[in-house]
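A short worksheet on the structure shown next.
Since every read-out is calculated from the coordinates, none of them should be taken as a lab result. Because the structure is a prediction, the values reported are computed rather than measured. Here the Cβ positions follow ideal geometry from the backbone for every residue, glycine too, while neighbour counts run over all protein chains shown.
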Amino acid sequence: MLGILVVALAVYALEREFHDIHWDQLVGELRAVPLRALVLGFGFTLASYALLVLFDWQGLRLVDKHVPWPRLAATSFVANALGHSLGLAPLTGGTVRLKGYGDAGVGLADIGRIAVQVSLAFVLGAWTLAGLTLAAAPAHLAAVLPGAPAFWRGLGVAILALLLLGLALLRREPRLLAIGRLSLRLPSRSVAVVALVVSAAELCCAAAALYVLLPEAGAPDFLGFVGSYVIAILAGVVSTVPAGLGVFEWTMIQTLPAIDRSALLASIVAYRLVYYGLPLLLALAGVTAWSLGGTARRISRLAGAVVPTVTAAAVFAAGAWLLIAGALPVPDETVVAAPLPLLELSHLLGSLLGVFLLVLALGIRRCSHGAWLLTLGVLAAGVPITLVRGDPPLLIAAIAALAVLLIANRRRFSRPAAVLEARFSLVWWRNVALVVLGTGWLMLFAYRNVPYRNRLWWQFELSGDAPRALRALLAVVVVLSLIALWQLLRPAPRRDPLPDHQQLDALKPLIDNATHSHANLVYLGDKAVMTAPSGSGLLMFRQSGRSLIAMGDPLGTPADRADLRWAFRELADQRDLRCVFYQIGREDLEAYLDLGLALVKLGEEALVDLAGFSLDGSTRAELRQARNRGLREGLRIEYVAAGAIDPWLPALHRISDQWLALKAGSEKGFSLGFFDETYLRRFPLALVLAADGTPVAFANLWPAAAGGELSIDLMRHAADAPRGVMDFLFIELMLWGRAQGYRSFNLGMAPLSGMARHRLAARSQRLLGFLAGHGERFYGFEGLRRYKQKFGPEWKPRYLAAPGGVHLPGVFLDLTRLINRGPASLRILHATAAARLEH
């Protein structure tokens, strides 16, 4: 919203500045820009991008990583071309760097450090140039900004003095500056000086690319111009608008009042084409050439990694140009050559195709096969339309190159996701709004001398550029409004079908052969099921937000488990979702690493060895006393067979309701059972009866006879239950399980238990350890572990396998919504309950 507001204000300001300048005048000034100046501007542009490569090189040295120079230069160029054009350079360029440098072991944290290095180098260079220009040429800025020359010179000297002081405080070797618990790695003095010099030189080259395009009349000396340029660049960066669109232009016009405004605007337009447009086209052409296999293998791998990002940016840019071209007058030679109906149709269809490309860019970014096909079709239709409209040959060549890039990388766009299946992000809507705003202003600017009348909408003639532009812009707004309405009112995203009673009954042999008791979670019916090709393995999962989450390890033979893991990974990739395995054991950790997932320890699971469990000895005195106290109070256990709990259901309902009220909570799901009569009927039940025979607590039993494991799911007690009733229940269940021949009793997981808190441990471990330590009063992590520890269990770690780095917060948020039965889960459970009631 801030970006849209800034552009709207800039458009308003530019409109006031150019109210007396016409389109023909601007086109004349553009054509008057000498070819020699354009060539020089492009030369300075290449020099600027070459110096930016040194920033990446320094950043890689900072994180102690080595990347071959060809790959380094290619990645840096593509990252900077995208970052300059799309804005938010640390994010857009960081994505390319993460993929381009990934083979060298450069991780997300390293990319963050490189982004900081590049940003700090830019700030140092801008600060240096600002100080130099203010100290050496204060008169130029004093003429357009408040304050006397002496004030601006003093400010420049102060800036340079602070810079020198900062350099003096640095040492010959890098060092770590600790401020409390925070630490900052300071570079060596030589590294800082090199960064400062390179940054200043890069900004000078970028400024020179515009300076050589300025008209001679009214242009200041280069040093004075650099000051204006730095101010305009900083204003564009602060605005967060892609490429500082509108903000840069207005700032330059305000700080260079001596130059004719129309000539200055023409120079800035030419500069944007040279400094932003041509590098983006070169990046597109380079990736296209690499995709065709005409270069080294390492660079080809880079091309494969960044193809979706670069192609999506190019598709969006092509759509924006088709919209902008629809708002501009048609060249005279086109008007003479084209029949009126064809001219009218090409203008309208060209703008609509531009809208389609803006929408399809999102599908291209997600590697959608449908978006790939439609984009090729739109580009194929766009070529004759651009020819009819008389668009520049360079644009037609760029569209052709984009089509070649898509065809060369057809295998990368294989996901069967529908184009409009995913909701469009706010950033995408922001960028579309900026394109439409800019197009609207260009139309007003180009036809300011045409008086508006209602009959313009129905005026069809060869010279009727303004009516054609009005109709095209209206069509664009209508189509985008319909897309927004569809996104708002469309039905909920497709969900995987949940198993019904017959399907769950058919899965019983697989569950009975499971070695881990968590397999019984399938009977909740709130998770979809994927079965192995052999029919002897299964995996249960559910989609939440942008994550496809599997519950636990797959069941079955080692071959079945491997097949299911890869099938699930492929399903998540096809849907462009995060692949997540929740609460997995340590047996197959290498297999999850092979899937390209990161591992995060969630806590530890408590397993009691029933063969060695007894109440004898001093170490079990507390348990012995708890059991004896329960027996004295008349408590006893009654075991109810599966399917025979109906007479007890009213009492179970009462106990469950009181339990939830005591805990001030709600039913969970996915990884925990919830109170459901059909679900409870599938399991044996342990009831704790008071002396008068009234049930005061219960737990449903989860048997896993094949693995010799016994566990419980729901364990609930009444509000008036005697103190220590749950201890009594656990002790009796363990003694009963041992008598029934079970080898272990699973007490469940202690979340965030056993986390490494050393300063050198993994960041995820330190973060979860911090949460465990500081969230004790909210959840009682340590208290839960202490309670289970008194039964003398063996602790086994449980893990989360998911995409690492920046994806983890989203994964945890999706998991929390799923377990807490968020809106989507509630809809699923309501539908399940209705189906069960009907059954």
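³J(HN,Hα) across the range 114-126 via Karplus (A = 6.51, B = -1.76, C = 1.60, θ = phi - 60°), whole Hz, x for Gly/Pro?
3J(HN,Hα) across the range 114-126, in whole Hz: 5, 4, 5, 4, 5, 5, 5, 5, 4, 4, 4, x, 5.
Set the bar at 25 Å for Cα to Cα. Now go through Lys99/Lys527; Lys663/Lys790; Lys527/Lys788; Lys65/Lys796 and name every pair that lies beyond it.
Details: Lys99/Lys527 34 Å; Lys663/Lys790 23 Å; Lys527/Lys788 29 Å; Lys65/Lys796 36 Å.
Check vs 25 Å cut-off fails for Lys99/Lys527; Lys527/Lys788; Lys65/Lys796.
Taking the simple approach of a point 7 Å from Cα along Cα-to-Cβ for both Arg723 and Val157, what is their distance in nm?
My value for the distance between the label points is 8.0 nm.
Measuring from the lowest to the highest alpha carbon on each principal axis, how far does the range 36-259 reach, largest first, in angstroms?
52, 41, 27
Please give, to one decimal in nm, the separation of the simple spin-label points placed at His66 and Leu176, each 7 Å out from Cα toward the Cβ.
2.5
What order do you get for Arg681, Arg468 when you list them from fewest to most C-beta neighbours inside 10 Å? Before the final figure, lay out each step's value.
Values: Arg681 16, Arg468 24.
Ranked by crowding around the Cβ, least crowded first: Arg681, Arg468.
Provide Leu387, Leu564 in ascending order of the number of other Cβ atoms located within 10 Å of each residue's Cβ, fewest first. Let's see the in-between values first.
Working: Leu387 14, Leu564 23.
If I rank by nearby Cβ atoms, fewest first, I get Leu387, Leu564.
Ser547's amide H: which non-local residues (gap 5+, or another chain) put their own amide H closer than 5 Å, with H modeled 1.01 Å from N in plane and none for Pro or chain starts?
Arg578
Once phi is turned into ³J(HN,Hα) by the Karplus curve 6.51 cos²θ - 1.76 cosθ + 1.60 with θ = phi - 60°, what whole-Hz value does each residue of the range 579-596 show in order, with x for glycine and proline?
Computed from phi, the couplings for the range 579-596 are 8, 10, 10, 9, 6, 8, x, 8, 5, 10, 4, 4, 5, 6, 5, 5, 6, x Hz.
Give the long-range amide H neighbours of Arg636: residues separated by 5 or more places, or on another chain, with amide H under 5 Å away, using H modelled in the peptide plane at 1.01 Å from N.
Leu689
Give me a comma-separated list of calculated 3J(HN,Hα) values for the range 635-652, in order, Karplus coefficients 6.51, -1.76, 1.60 applied at θ = phi - 60°, integers in Hz, x for any Gly or Pro.
Whole-Hz 3J(HN,Hα) from phi for the range 635-652: 6, 8, 9, 10, 9, 10, 5, 4, x, 10, 9, 3, x, 9, 4, x, 5, 5.
Under a 5 Å amide H to amide H cut-off, with H placed in plane at 1.01 Å, what residues pair with Ala750 once short-range neighbours are removed?
The list, which skips near neighbours in sequence, is Glu604, Glu605, Ala606.
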